[in-house]
Every structure is written in C-alpha cells, then in structure tokens.
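Please treat every number below as a calculation from the coordinates, not as lab data. As the structure is a prediction and not an experimental result, all values here were calculated from the model. Cβ atoms come from the backbone with ideal geometry, glycine included; neighbour counts cover every protein chain shown.
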Amino acid sequence: MELKQPGIEGFTDVTSSIQKLDDLKNLKPFYEHRQSIELRCRVSSAHLMLASPVFKAMLDGPFTESSRNKDGRFEVKTVECSAEALLILLDIIHGHHRGVPKTLDLPLLTEMAILVDYYECHEITEIFADNWIASVIQEDEIEGSDYQTNMSRLFTSWVFDKSALFNSVVHTILNLTAGPIQADLPLPSTILEALDQRRLSLTKQFLDNLYELLEAFWDNDGGCCTECTAIMLGTLIKQMLSFGLEVPRPMGRPAIEKSFLQLQEFSRNLKTPKWQHNSRMYCCTFEAETEDWLLTMSDIDLCLGVRFEDFKLAKSVQKIIAPGLK
C-alpha cells in the first residue's frame, strides 16, 4: 500500500528530502509560494489492518480515504496531522521499534495521542505510551502548569487510559480554571461539558454562601448590633466589588469568571474592620461568619462525578446499549 501516490494537486512532494525521523522536525507545513507539502510512505496494508480497525475499515470498505492506483496498490490519504507523529506510529505498526523514540516532548506526545485516538490503535502503542508519559509528565508539575498544557495532559491521559493522571489533571483544572472549560483537542464533548458543569456548580456554591452572608447583613440578621451590622455590610460590599462581584447579585446570568481557588482565597481573606464606640470594642468578624461553610467547602470532593472511571463507565454502557438501537 502507498500513501498519496501519485502526487496530490496543489501539493509539493518532499518525500526525497526525508532520510531519517529527525528530518521531519524541521519540516515546514508549506513550501514555496505557500504551497502545501506532500509526504508519501509505502506501508503494509496487512500491518495497518491488524493494528487499527479504522485502517481495516478504510481498506476493506468503499471509503473515500482509500482507493487503488494504476499499479493496483491501495492509497490512503491523510491530512492535517503531524508527519513526525505519523512516521513514529507507522514504525510501531510495522515493528521497526528500534527507531521509535524512547521519550517525546508534550506537544509531540499530544500529536501521537491524536493519531492513536483517531486510528484506534491503542493496544499496539501501549508499551511506548507508558514510557513517553512517564518521561514527560510529572504529577507534581500539574498544579503549576498553564491551562493549555494541562488540557494536553488531560487528553493524553484519556487516550492512553491513565486514570490517576487524568484525575489529578481534572482536580487542578476544576480548582484553577476561571472561565469555560474548552479544548482544541478531540476530547469527547461529554467530558468537556461535564467538567464545565462541575466547575459552574462549584463556583455557584461559593457565590451562594457569599451572597447569603451579604443578605444576612443587609437584613440586619448578622453582627451583634445595628451599628456593627452596617459597618460589616459596607465593608463586605466594598471588598466584593473590588474582587469583581456585583452587588446586588445579578439574576439570570452565568457565574463570573473566577476559579474555585480564587473564591476560596477571597472568602478566607475577607478583612474585618476594627472599630470601637464609647470605649466599646466590637468583635464581630468575617472569620466567624464564614468558618462553617469554608470548612464545608474545603472538604468538598472537586472531582465528584467527573473522574476517569465515571466517563469510562458511561462509555462502556453506551457500547452495550448501542448495538440494540434501531
């Protein structure tokens, strides 16, 4: 079988310039005059079909991705993927394991995960993936990483069935993400939607507590006396506005873009005013008012319902039910 033979119209064939895997690292996506490049590989259809049900379907069925050329060989065309990752995958499928890198950086590992997920060749890449992930992803670095890096880790851990890593990344994302949880990677929409709903639920719980505290002072139900309540109310409003919370609470609008951790730290660090009248020192504090629900929120299970096991179970149920659907 041959990939992209003869040349694709509008593409420049650069196959002859590739002698080893390292040559692909400097390969640009465009040639002269912004013309896309073409890379052709001769591979074994038997190996592809054995390793991947997707390749098997392409080669056994009337798919547009495959056709026979004038020499009777199959041609499979693939675009918009990493050439380096594709060559690594083909080396694994064809048993050329000495040429497979022992370590990958995270961007290339992510590209590998995209191909493995698309072609459904998890089993044949499993041993290599274990080494790649162990070499590039350290759990103690997850919390200090940026959002996009952690989304790459989340996708990679999902594709290669790394439940502990997946759950660690989920915990960090839910704790630190201030806006909608989205990804440019082919993560199942059910995962992204569930994570974002969980994020909204967690931030809503914090906001409910803060606004209930505000209403208590507003209704004169907090503080030791009217004067104390008024001062606590004014101080709380000022700090909430400075933090970016609206007063009164807006209705029918999505939660503000604050992370669970930001809301937790804001609530813990509310500054109580110090004042006295006629030599009397008033001792009401925000710490006392928030102690109970802050303790409850600190013990909350961030990952409830959105762990690796939850999504895998749902996927397994779908596979069982789907064959019986009409």
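Modelled this way, with points 7 Å down the Cα-to-C-beta line, the labels at Ser135 and Glu80 are 3.0 nm from one another. Taking label points 7 Å from Cα along the Cα-to-Cβ direction, Lys238 and Glu265 give a separation of 2.3 nm. In plain terms, the residue of Ser189, Ser45 with the fewest other Cβ atoms within 10 Å comes first and the most crowded comes last, giving Ser189, Ser45. Take each peptide in 115-123, 234-242, count the other Cβ atoms within 10 Å of every residue, and average; sorted highest first, the result is 115-123, 234-242. Working note: Karplus 6.51/-1.76/1.60 with θ = phi - 60° gives segment 172-181 the couplings 5, 4, 5, 7, 10, 7, 9, x, x, 8 Hz, where Gly and Pro are set to x.
The Rg/Rh ratio of segment 157-278, with Rg taken over Cα atoms and Rh as the Kirkwood radius over Cα pairs, comes to 1.12. Take the Cα of Met251, step 7 Å toward its Cβ, do the same at Ser298, and the gap between the two points is 3.5 nm. With a Förster radius of 25 Å applied to the beta-carbon distance between His94 and Asp161, the computed FRET efficiency rounds to 0.60.
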